[in-house]
Amino acid sequence: MPRDNRFDILFEPVRIGPVTAPNRFYQVPHCSGMGYQLPSTLAAMRGIKAEGGWGVVNTEYCSIHPSSDDIPHPFASLWDEDDVRNMAAMADAVHAHGALAGTELWYGGMRASNHASREVALAPSSLPAMESPWQCARMDLDDIRQFRGWHRAAALRARQAGMDIVYVYAAHSYILGQFLDRDMNARGDAYGGTLMQRARLLREVLAETRDAIGDTCAVALRIEVDNEDGGGFAERSELLASLAPSVDLFDVTIADYSQEMGGSRFVKEASLETRIAHVRAITGKPVVSVGRFTSPETMLSQVKRGVVDLIGAARPSIADPFLPAKIAEGREDDIRECIGCNICYAHNSRGAAIRCTQNPTMGEEWRRGWHPEKIALAKTREQVLVVGAGPAGLEAGLMLARRGHEVKIADAGQSPGGRLQWETKLPGLAEWARVRDWRLHQISKLPNVEMFRDSRMGADDVIGLGIPHVVIATGSHWRTDGRGRSMHAAAASFDDPRTLAPERAAATQITGPAVVFDDDNYYLAAAIAEHVARAGVPVTYVTSEGKVAEWSVYTAEQPRTHARLLELGVTVIVNTLVAGLRPGSAVLRCVFSGAEREIAAETFIPVTSREGDDALYSALKGRGLATLSLIGDARAPGLIAHAVYAGHRLAREFGDGEAVARRERALIIP
């Protein structure tokens, strides 16, 4: 289809100092979980984005010196000539598709523990390193001169590697942001004092970066429009205006990272607009900012109203690397919209390559050779039955059909989606339904896939269809016997009419007081507690960990999740197990001391672990099928991302045998 001409403005070139972006789609610097350790993986991933139409593609944060080491979190680096060669591979991959390549020069200061390098971190003040029981060193004037030299050298290496845009990074509480902050910078010399005085080092670095590379590379500044406490707009605005002559592009954000990186449960699209919309007017320079933009209409509005010049994106570019191309081709309905689950961020936080719930090819571009928009046609067209239309079954059915197979999808329910049917009705989780909706829409376009609803299949039903290839994707259900992370044996007293599985709790009128026991430690128990509390029922949330939804620390949702329950009046009890039920009460046990006490409980909702629904698979084994596969939660209950990946991999490898993924690792050179 031809492009809607209203969107033409999004495809206009934008001048950024000495370089020109081919359009307004700008992949901001974002973590990848790849960094300097996986350069081929990184280059392939960034290159795919350029192929998909992103006019500018940046690296993640890029260390300028070994005293800025963020291990176990992967980061890029420009320490030496070997780094230049690796970085050039990414620049070449991006340039191959006509896009600009950029890098974000980074020095962590007190936010770098230097676990691997064992160097002493430098900062404006000697304060504890982040998450470590040691401190950084207070920079003296010699240290400051040395830091400036490191930054200049890294900028020159960036240009040598082929970068078109080089960032000076003064946001997210890293070194230049630390100098700007009045609490972190308590210096009494020329680098301390008022904000304008605290900005001296930033001015020097900007000037030296421009002097080193500004004739050929654009100088971008990533900076916050407010102070760490959320105030200071007026003085920050004055600072931004004063810096404008030294800057080609302002990449602006706010100090509250839980909003900038906020999951869709708490933060919606374009949430930064009211905070950053003034920057373009006061600086007179191009502005880019993020907002988890997934709607072309929102992008268009941002540009037409002068909020930004370039549409900044990290997560939307991960969920759909071809988002710009789809708008360009009039295929907006094919955009694979980010759901805001932050699973990408979580895996970087765990030291692993990012992946995506919506886009199972993310991180697999080099390792497995997967492309988000291309899948090989099968050599032989086969008939395949997929039983179950949850995330795994829908992805498997869609991709098998795209490979040319004749696919039938049978689901026991009237509405496809599996676990998404009830989970997305919980507070804040509505956008996660995009996983289901996008796949159903894509399936509706294909003539070689049929969906059968209200079709619960037994083994004889399956065999009776005469289809030789069967994929079982029947999901899982939550256990109610207490088995999970903390208790490996069933608690006999949980076999009680008051005990409700999460699936039932989400659809049942609850009688209070209710006790929700979280031994899963991700989003679900907290979402159920919120759901019950919003119905006016007194709720006690009990967790085996030290925080509400402990694992959501990795998705940047934990603080807001914890705060939400407290705001709703939920009683939160941490480091505690629900060890058993007694008439009218639940028995709590401290995970450390073993001390027990009782609290009132008329309803008990354990969120502990799940049981894969694999009975049909077991019944079909040995029944003469050509192939029989078990995938997704039915095989190993996990994240929605795991289920989608399992379905995608099944389709990719169907008929071709299991593919061996490539490993990228350091090799000994004789």
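The values are calculated or read from the model by the stated rules, or taken from the named source; none is laboratory data. Note that the structure is a prediction, hence the values are computed from the model and not measured. Every residue, glycine among them, receives a Cβ derived from its backbone with ideal geometry; neighbour counts consider all protein chains shown. Side chains are part of the model used for accessible areas, which takes the heavy atoms of the whole protein and leaves out ligands, DNA and RNA. Shrake-Rupley method; radii C 1.70, N 1.55, O 1.52, S 1.80 Å.
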Open item on the list: Place a point 7 Å from Cα of Leu568 in the direction of its Cβ. Which residues in region 462-504 have their backbone N less than 18 Å from it?
Closed with: 500-504
Task: Simple label model, 7 Å out from Cα along Cβ direction - Ser301 to Ala281, nm - done: 1.9
Task: Amide N proximity, region 53-81 versus Arg118 label position 7 Å along Cα-to-Cβ, cut-off under 20 Å - done: 65-73
TODO: Return the long-range amide H neighbours of Leu100 (sequence gap of 5 or more, or a different chain), with a cut-off of under 5 Å between placed amide H atoms.
DONE: Val56, Val57
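Grab the other residues whose beta carbon is less than 14 angstrom from that of Ala600, score K and R as +1, D and E as -1, and report the net. Intermediate values should be presented prior to the final figure.
Working: positive: Arg498, Arg582, Arg597; negative: Glu598, Glu602.
Net of charged neighbours comes to +1.
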Open item on the list: Could you work out what % of the accessible surface of the chain is carbon and sulfur, using a 1.4 angstrom probe and leaving DNA, RNA and ligands out of the count?
Closed with: 51
Open item on the list: Under 8 Å for C-alpha pairs, at least 6 residues apart: give me the relative contact order for the chain, rounded to a whole percent.
Closed with: 12
Open item on the list: Give me the one-decimal nm value for the distance between modelled label points at Lys425 and Arg485, 7 Å along each residue's Cα-to-Cβ direction.
Closed with: 2.7
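Please list, by residue number, every one of the GluC sites (Glu not before Pro) in region 308-358 that is coil in DSSP and has at most 15 other beta-carbon atoms within 10 Å. Can you show the working numbers first?
Working: sites: Glu329, Glu332, Glu337; in loops: Glu329, Glu337.
Filter output for region 308-358: Glu329.
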TODO: Report, by chain and number, residues whose modeled amide H sits under 5 Å from the one on Ala601, excluding near sequence neighbours (fewer than 5 apart, same chain).
DONE: Ser585, Ala586
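Given R₀ = 60 Å, FRET efficiency for Arg456-Ala186 by Cβ-Cβ distance, to 0.05? All intermediate terms of the calculation are to be shown ahead of the outcome.
On the way: r = 68 Å, r/R0 = 1.13.
With R0 = 60 Å, the Cβ-Cβ based efficiency is 0.35.
Let me spell out the model: positive unit charges on the Cβ of Lys and Arg, negative unit charges on the Cβ of Asp and Glu, origin at the Cα centre of region 187-312. What dipole size does that give, in debye rounded to 20? Intermediate values should be presented prior to the final figure.
Values: 15 positive and 19 negative charges, 53 e Å.
So the magnitude is around 260 debye.
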Open item on the list: Students often get this wrong, so try it: which of (1) 149; (2) 178; (3) 166 is volume of the Cα convex hull per residue in Å³ as calculated from the structure shown?
Closed with: (2)
Task: Nearest-20 debye value, region 15-109 charge dipole, Cβ charges on Lys, Arg, Asp, Glu - done: 520
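Among residues other than Leu588 whose Cβ falls under 15 Å from its Cβ, what is the net charge (Lys/Arg +1, Asp/Glu -1)? Don't jump to the answer; show the numbers that get you there.
Numbers: positive: Arg582, Arg589, Arg597; negative: Asp518, Asp519, Glu545, Glu596, Glu598.
That sum, taken over residues with Cβ under 15 Å, equals -2.
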Open item on the list: What are the ³J(HN,Hα) couplings of region 479-494, residue after residue, when phi is run through the Karplus curve with 6.51, -1.76, 1.60 and θ = phi - 60°? Round to Hz, x for glycine and proline.
Closed with: 6, 10, 9, x, 5, x, 5, 9, 10, 8, 10, 5, 9, 4, 6, 6
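For n ≥ 4 DSSP H runs only, could you compute -39500 (n - 2.57) per run for the chain, divide by its residues and tell me the 222 nm figure to the nearest 500?
Numbers: 23 runs with 202 residues, N = 670.
-8500 deg cm²/dmol, from helical runs alone.
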Task: For region 472-521 versus region 1-21, the gap between their alpha-carbon centres in whole angstrom - done: 52
Task: Net charge contributed by nearby residues that have their C-beta within less than 9 Å of Ile254 (K/R +1, D/E -1) - done: -3
Open item on the list: Just the number please: accessible area per residue for the chain, 1.4 Å probe, all protein chains included, in Å².
Closed with: 38
Task: Lys pairs, the chain - Cα-Cα below 27 angstrom, 8 or more residues apart or on other chains - done: 24
Task: Relative contact order of region 403-559, pairs being alpha-carbon contacts under 8 Å that are 6 or more residues apart, as % - done: 20
- [ ] Name the residue farthest towards the positive end of the dipole of the chain from the options Ile605, Leu426, Ala376, assuming +1 on Cβ of Lys and Arg, -1 on Cβ of Asp and Glu, about the Cα centre.
- [x] Ala376
Task: Test item: Cα-centred dipole of the chain, Lys/Arg +1 and Asp/Glu -1 on Cβ, debye - done: 740
Open item on the list: Need one number: nm distance between label points at Ser593 and Thr194, each 7 Å from Cα along Cα→Cβ, rounded to one decimal.
Closed with: 5.5
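Take each complete run of DSSP H in the chain, measure how far its Cα atoms stretch along the helix's own axis, and keep only those covering 30 Å or more with mean Kyte-Doolittle hydropathy at least 1.0; list them. Mind showing how you got there, number by number?
Details: long enough: none.
For the chain, where a helix must reach 30 Å along its axis and average at least 1.0, there are no hits.
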- [ ] Whole Å is fine, so just give me how far the alpha carbon centre of region 174-202 lies from that of region 87-113.
- [x] 26
Task: Amide H contacts of Gly580 (H built 1.01 Å from N, under 5 Å, at least 5 apart or other chain) - done: Val587
Open item on the list: Based on alpha-carbon centroids, what's the gap between region 541-605 and region 423-457 in Å, whole number please?
Closed with: 33
Open item on the list: What translational diffusion coefficient, to the nearest whole µm²/s, does region 536-670 have by Stokes-Einstein, given a Kirkwood radius computed over alpha-carbon pairs, a temperature of 25 °C and 0.890 mPa s viscosity?
Closed with: 126
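Let's test the formula: R0 of 25 Å, r as the Cβ-Cβ distance of Asp143 and Tyr257. What FRET efficiency results, to the nearest 0.05? It would help to have the intermediate numbers written out before the result.
Values: r = 27 Å, r/R0 = 1.08.
The value I calculate is 0.40.
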